[in-house]
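Quick notes on the structure that follows.
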Amino acid sequence: MDYANVATGSYLVVNNRPCKVVKLDKSTLGRHGKSRKHVTCADLITDKKIEAIFKKSSLIDVPLITKDTF
């Protein structure tokens, strides 16, 4: 997934863990830097909060999620 497509409620892989984005903050670009996104997400398995910062030029991994009903 591209940097621009990250939104609240989307799914990402952070630290090799599948996560759902809970909070998203965008930092403005500095004098010599590029903009970044500060992502707070919840692990889908353990429900722990994980924080990560992504640069504008980074590509973000997306987990393959299937939902089964029994």
- Message: Please list, by residue number, every one of the trypsin sites (Lys or Arg not before Pro) in the chain that is coil in DSSP and has at most 13 other beta-carbon atoms within 10 Å.
- Response: Arg31, Lys34, Lys48, Lys67
- Which lysines have a Cα lying under 25 Å from the Cα of Lys37, excluding residues fewer than 8 positions away in the same chain? Lys20, Lys23, Lys26, Lys48, Lys49, Lys55, Lys56
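Antiparallel as a % of all DSSP beta bridges within the chain, to the nearest 5?
100 percent
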- Query: With charges set only on the Cβ (+1 for Lys and Arg, -1 for Asp and Glu), what does the dipole of the chain come to about its Cα centre, in debye to the nearest 20?
  - Reply: 420 debye
- Note on the structure: Counting only protein heavy atoms with a 1.4 Å probe and every protein chain in place, the carbon and sulfur fraction of the accessible surface of the chain in whole percent equals 51 percent
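The values are calculated or read from the model by the stated rules, or taken from the named source; none is laboratory data. As the structure is a prediction and not an experimental result, all values here were calculated from the model. In this analysis, Cβ positions are derived from the backbone assuming ideal geometry, glycine residues included, and neighbour counts consider all displayed protein chains. Protein only, heavy atoms only, side chains kept; ligands, DNA and RNA dropped before computing areas. Shrake-Rupley method; radii C 1.70, N 1.55, O 1.52, S 1.80 Å.
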